[in-house]
Each structure stands twice: as structure tokens, then as C-alpha cells.
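Remarks on the structure that follows.
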Amino acid sequence: MKDRTVHIKSFGCQMNKLDTALIASALQAAGFQLTDDVKEADAVLINTCSVREHAEERVYSHLGHLKHLKEHRPQMVVGVVGCMAQRLGDKLLEHEAVNLVCGPAQIPQIADLLREALAQASRRAVVTENIRQGRQDSDAALEEFESTYSAGELPGQAFVRVMRGCNNFCTYCIVPYVRGPEACRPPELIREQVRRLADAGVRQVTLLGQTVNSYRYQSGGRTWCLADLLDMTAHVPGIEWVRFVTSYPYDQFYDEIVQVMAGSAKVCHYLHMPAQSGSDHILRAMNRHYTAKHYLELIERARAVVPDIAVAGDFIVGFPGETQEDFEGTVDLVREARYKNSYIFKYSPRPGTTAQKRLTDTVPAEVKQQRNVELLAVQDRISAELNRTFVNQQVVVLVEGPSKKQVRNAECGMRNGGSSDSRDRSIIPYANVQLVGRTSTDHIVVFDGSPSLAGSFARVRITQTSPLTLFGDLQP
Ligand code: 5AD
Ligand code: SF4
């Protein structure tokens with residue numbers, strides 16, 4: 001029988017990207033062939049996100065497109081995987097296009113489920129019945145799956161999950177309901193995985209967790225925290241950079257993390273620590289356990305020890321009851337925190353969360369939009385100012401590969417029949433192209449160089465900046 005082809009489409013956060021890469025690796029190991037072309041696929045998997053309604057709407061719009069494709073290819077199997085699958089379960093089977101629904105904890109079974117759906121044209125939903133009661137049965141399978149398959153979309157880089165789930169129950173957030181309770185992976189298994197990745201050429205590891213700094217594990221008569229994991233990972237031969245996302249503004253073990261950053265040249269000077277709001281009254285309503293003042297003190301404490309640390313934030317504007325004054329509190333916090341960048345979201349009520357059940361979505365859509373734009377403008381001015389300080393400086397970057405613009409141009413040249421010239425430029429490894437890389441502080445740097453540099457470190461002198469990007473020249 002010829003290899004069955006699968007097309008995978010991924011939505012959502014780093015966690016999801018990691019799951020997608022693991023699924024891809026597991027399917028290949030099981031004899032499936034991956035394809036970028038949905039039209040030639042025997043099966044299509046959509047790895048979904050539920051964090052905002054918009055993310056789910058995009059999945060439905062994609063399913064609509066697949067339903068249309070299936071009119072001509074009724075044998076095609078469509079599977080919905082991930083957070084939306086866990087949230088909606090067999091309700092998703094009501095959609096004409098969907099054959100298979102698979103929750104995040106059932107991902108280790110994906111190859112078998114797909115084979116079954118292809119052979120029997122069955123329609124099936126496999127999710128965790130009561131996710132808050134834990135995933136005891138599936139945790140062992142998840143652990144084995146995680147350590148068997150490898151994931152690395154970018155050359156020289158890999159993501160390593162150190163914990164699953166979340167126990168925080170911020171009132172707006174769906175994550176605890178779809179990813180289940182917190183479970184930390186044993187440090188020995190993490191070390192083994194990092195060693196294998198390093199042996200395979202990985203130079204940068206990103207440790208992943210919904211609240212990665214709440215990592216705790218009892219082993220060898222001691223309690224391991226994130227700082228210990230960072231130190232352990234930094235000592236694996238071959239690993240040059242270690243980073244971690246995402247941090248909750250906790251006091252506990254915070255100074256240890258900052259100290260390890262200051263003490264090891266390998267721990268990146270980058271902290272993604274969402275504040276969500278600068279108003280104490282809104283923070284309370286969000287069930288976030290800190291005040292704006294305390295949050296800013298945490299940043300100050302980090303900067304006192306690691307002066308060049310770059311901090312990134314997340315914010316939700318238009319949370320129920322957010323007044324103009326509350327919003328101005330957020331603007332003030334953004335001004336004081338001087339983030340490298342912020343991810344700003346409009347509040348989106350998620351079914352089953354405390355905020356959706358108990359609070360009314362009071363802020364009109366236009367006001368949410370206006371606050372989003374305004375906060376982004378404040379952040380942009382700060383980012384632009386901070387980025388300008390890089391002009392004439394040399395930075396070290398880990399090269400990701402050709403920039404999006406470069407890839408677009410190359411594809412465009414091919415699509416338009418392109419001259420052999422433009423096509424050649426996209427494949428000759430020693431001809432210069434526009435490359436993108438990131439500094440240890442997570443600054444995006446664009447410069448010209450050979451595509452063969454992807455996955456290695458390079459030195460770049462910065463000549464120009466914009467709020468989101470540094471531009472420069474490769475140094476010998
Ligand atoms: N509405 C809007 N934004 C949300 N986030 C999480 N839940 C919601 C929601 N219901 C944002 C938070 C979080 C990021 C991943 O998504 O800012 O940090
Ligand atoms: Fe969601 Fe809060 Fe957990 Fe982050 S810490 S995943 S925002 S519940």
C-alpha cells in the first residue's frame with residue numbers, strides 16, 4: 001500500500017507548535033508521508049487553540065474549506081486535535097467535515113487513530129472525560145511520546161516541555177480546562193532529552209510551561225525548581241543558549257532564576273512575564289495574585305541583577321468592568337515596565353471560565369479595539385526608543401534562516417514562472433539572501449548572509465532599527 005499522506009495545519013501558542021512538531025515526527029515514524037499541499041492529502045489534521053474565540057473561528061473557517069474539498073474527495077479524513085478538540089469533544093463531529101476529534105492528552109495515539117479513520121471511514125472523538133481529575137492514565141503515555149519523538153522547526157533550536165497544564169485558574173482563561181492540572185516532568189528525563197537534542201546538533205533549547213517558573217520536582221532528596229533546570233540544561237555539552245517561557249509573576253524562586261541568568265553566559269537575558277493589566281481591581285477580578293506595584297518591583301529586581309534583561313508582556317484590554325481609569329493604569333504600567341514588546345489581546349469570553357459565567361462582558365467592541373490600538377502605540381514608542389540604543393552596536397544572533405520576505409520573494413519568482421535567475425538565488429547556498437536571527441534578548445535581527453548560516457551563531461553590527469526589528473551587517 002502506498003504511504004498515506006497527511007497535511008497538518010497548526011494554530012496557537014508554542015505548546016501547540018511543539019505538539020504539532022511531535023505529531024509530525026510520530027506520523028512519519030509510523031509510515032505516513034507529510035505534505036504541504038492540502039489538495040493531495042489523504043488526511044488533514046488541524047491542531048487547534050481555544051484561548052480566544054477568534055482562534056476557534058479560524059478553525060471553523062478552515063473546516064468549511066475542507067468540507068468543500070471533501071465534496072470532490074469524500075475519502076479524505078479530517079481530524080481536529082488539541083485544545084478545541086478537548087473543549088468541544090464529540091460536538092465537533094456534528095461538523096460535516098470532521099471524522100476524528102483527539103484531545104491533547106490523546107496525541108500519543110494519533111497514528112493509530114488516523115489509520116483507523118482511514119481504513120474504516122469511522123467518525124470518533126477521543127478526549128479526556130474529566131480533565132481536572134487529572135490525566136493519570138495518559139501522563140505516562142505522554143511522557144513516552146515526548147521523549148521518543150523530536151521536534152525542531154528551526155535549525156539548531158528545540159523546545160522542551162518541562163511541565164503540562166496549569167493550576168492557576170485566571171478567571172478569563174480556558175487553559176486549565178483543556179490542558180488539565182499541572183504536572184512536572186522529572187529532571188532526569190529532561191536532561192536525557194536535552195542531551196539527545198544536543199547530540200543531534202541543537203544549540204538552543206527553550207524550556208516550555210504555561211507557568212514555567214512554577215516548576216517543582218522532588219528528586220534525589222531535593223526540590224528542583226526552574227533555576228535548577230536552567231543550570232542543568234546550560235551544562236549539557238553542545239547547548240549554547242537556554243531560554244524559558246512563560247513566567248507567572250511569582251515571588252517564589254524568582255531571585256534564583258535571575259541569579260542563574262546573571263551567573264551563566266548560556267541562560268538568555270529574556271523574560272516573558274505577562275502582567276495582563278495594570279489595575280489592581282482588574283487583577284483581582286482576573287484572579288491574578290499580585291498588584292501592579294509588586295509586578296513592577298519584580299522587574300526592577302531582575303534589572304538590578306541583569307541590567308540588559310529584555311522583558312516582554314501580555315495584556316488583555318476590555319476585561320469585564322475595565323474602566324477608563326483601569327485602562328490608564330495599564331498604560332502607566334507599560335510605560336514604567338519598558339517592555340521590549342507586548343502581546344496585546346482584546347478580552348474574549350471563553351465558555352466555562354469564571355469570568356464568562358459570573359461577569360458581564362461590559363466593554364463595547366469599539367472600546368476594546370480603541371484600547372488595543374492605544375496600548376500598542378504606547379508600546380511601539382517604547383520599543384522604538386529601546387531599539388535605537390542598538391545602533392552601531394554588535395550583537396550575537398542565532399540564525400533562524402531566510403526572512404519571510406526572502407521566502408515570499410523566492411516563492412513568487414517560482415510561481416510567476418520566474419527567471420532562472422530568481423529561482424537560482426533561492427537555492428544557491430552561498431549566494432547572500434536576507435536572513436533573520438534572534439539575540440539572546442530575543443530581539444529580531446535582519447541582515448544579509450548565506451542561507452548556510454541557519455542554525456549557527458553570527459555577529460551583526462546594527463545600522464538601523466524599527467519598533468519590531470533591528471537591521472544590520474554581518475561581521476566577519
Ligand atoms: N481573552 C483574551 N486574551 C486571553 N488570553 C488568555 N485568555 C484570554 C481571553 N479569554 C491571553 C493572555 C495570555 C495569552 C496567552 O492570551 O494575555 O497571557
Ligand atoms: Fe491561563 Fe492563568 Fe494558567 Fe496562564 S497562568 S495558562 S493565563 S490560567
Pull up region 265-276, narrow it to residues that are more than 12 Å from ligand 2 (Cβ to nearest atom), in contact (Cβ under 8 Å) with a residue 12 or more places away in the chain and not charged (D, E, K, R), then point me to the one that is surrounded by the fewest Cβ atoms within 10 Å (Cβ to Cβ).
H269
Of all residues making up region 139-195, the number that are out of contact with any strand residue (DSSP E or B) (no Cβ under 9 Å at 6 or more places or on another chain), in contact (Cβ under 8 Å) with a residue 60 or more places away in the chain, more than 16 Å from ligand 1 (Cβ to nearest atom) and outside any loop (DSSP other than H, G, I, E, B)
2
Of these, F159, F169, which one is within 16 Å of ligand 2 (Cβ to nearest atom) and closer than 19 Å to M15 by Cα?
F169
Scan region 460-474 and report the pairs whose first residue is within 17 Å of D380 (Cβ to Cβ) and whose second residue is in a loop (DSSP other than H, G, I, E, B) and of a type in the set (S, T, N, Q), with Cβ atoms within less than 6 Å and a gap of 6+ or a chain change.
none
So if I check each of Q218, Q259, which one is closer than 18 Å to R185 by Cβ, more than 23 Å from the chain's Cα centre (by Cα) and not in a loop (DSSP other than H, G, I, E, B)?
Q218
Look at P320 and say whether it is away from ligand 2 (no atom under 16 Å from the Cβ) and either part of a loop (DSSP other than H, G, I, E, B) or modelled with pLDDT under 95 (or both).
no
Spans of strands (runs of 3 or more DSSP E) in region 1-115 with at least 3 residues touching a Gly at 6+ places or on another chain (Cβ under 6 Å) and not basic (K, R):
43-48
Which residue is nearest to ligand 2 (Cβ to nearest atom), if the candidates are limited to region 199-216 and must be among the hydrophobic types (A, V, I, L, M, F, W, C) and either modelled with pLDDT of 95 or more or crowded, with 22+ Cβ neighbours inside 10 Å (or both)?
V212
Return yes or no: is V242 assigned to a strand (DSSP E or B), at negative phi and touching a strand residue (DSSP E or B) at 6+ places or on another chain (Cβ under 6 Å)?
yes
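The values are calculated or read from the model by the stated rules, or taken from the named source; none is laboratory data. Keep in mind it's a predicted model, so treat the numbers as computed, not measured. Glycine also receives a Cβ, built like all others from the backbone with ideal geometry; neighbour counts cover every protein chain displayed.
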